[in-house]
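The values are calculated or read from the model by the stated rules, or taken from the named source; none is laboratory data. Computed from a predicted structure; not experimentally measured. Here the Cβ positions follow ideal geometry from the backbone for every residue, glycine too, while neighbour counts run over all protein chains shown.
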Amino acid sequence: MSQLNVDSLRHSSGSGSGIDLQSTGNVAIDTNTLYVDSVNDRVGVNASIPNATLDVNGDDGLNINTAPITEKFNTISGSSNGNTSVDVLLSNIHLYTSANTGNWTPNIRGNSSTTLDSLMATNQVCLVTLISQNGGSSGYISAVNIDGSGRTVEWLDGEAPDDNGGDDGYDIYQFSIIKNGSNSFLVFGNQTYCSN
């Protein structure tokens with residue numbers, strides 16, 4: 001392997017667009033300070049094996065000095081009726097556009113072929129928000145599954161939902177899912193009602 005020592009890299013004309021580093025292999029700067037995994041299209045900061053599109057490790061915190069900070073959400077053209085799958089690989093926020101007509105049980109997972117358990121390490125948390133439109137016969141979340149298995153939810157103020165918020169507007173459910181071991185989760189939840 002050859003070594004190239006330079007003080008600076010510049011565009012061939014001295015100005016213009018940036019430099020395109022073309023490599024069919026991984027790129028490492030200072031071992032793993034900045035690591036580009038070209039096989040999986042992932043970038044690691046202090047991570048030589050990035051486990052996500054952007055994998056940042058360290059104990060110095062994260063400073064995001066920009067605004068606004070936005071997050072995508074998943075709009076579902078339909079209701080949250082019955083046993084509905086919530087795929088966090090699409091988004092952590094899901095909005096249902098039609099009023100549900102009864103109680104329902106969300107199944108929170110990665111997607112149809114990926115478990116939430118496989119996406120999370122022990123002592124990580126995943127936040128999930130479900131926004132369900134209400135109508136005159138709408139219900140509420142009566143149970144919660146993760147990866148197809150029923151889970152106990154620690155509800156805010158110790159009160160599990162026993163009704164929808166109203167005959168219009170939206171019920172908003174928020175879950176903090178803490179992985180505390182293999183296929184073991186601590187789930188905190190709350191229900192909020194927003195009227196039209």
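Just a few scattered comments:
Residue by residue, here is whether (1) over 14 Å from the mean Cα position of the chain (by Cα); (2) buried (at least 17 other Cβ atoms within 10 Å of the Cβ); (3) not hydrophobic (A, V, I, L, M, F, W, C) holds:
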{"site": "Ser91", "(1), (2), (3)": "no, no, yes"}
{"site": "Thr101", "(1), (2), (3)": "yes, no, yes"}
{"site": "Thr105", "(1), (2), (3)": "yes, no, yes"}
{"site": "Gly110", "(1), (2), (3)": "no, yes, yes"}
{"site": "Met120", "(1), (2), (3)": "no, yes, no"}
{"site": "Ser138", "(1), (2), (3)": "yes, yes, yes"}
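- Being modelled with pLDDT of 85 or more, of a type outside the set (Phe, Trp, Tyr) and in contact with a His (Cβ under 7 Å, 6 or more places away or on another chain) is a description that applies to Ile76.
- Ser85 being modelled with pLDDT of 95 or more, assigned by TED's automatic domain parsing to the domain that holds Asp163 and part of a loop (DSSP other than H, G, I, E, B): no
- Test: residue in segment 56-74 that is of a type in the set (D, E, K, R) and within 25 Å of Cys194 (Cα to Cα): yes
- Candidates Asp59, Asp55, Asp87 - the one that is surrounded by 14 or more Cβ atoms within 10 Å (Cβ to Cβ), over 20 Å from Gln174 (Cα atoms) and free of Cβ contacts under 8 Å to residues at least 60 places away in the same chain: Asp55
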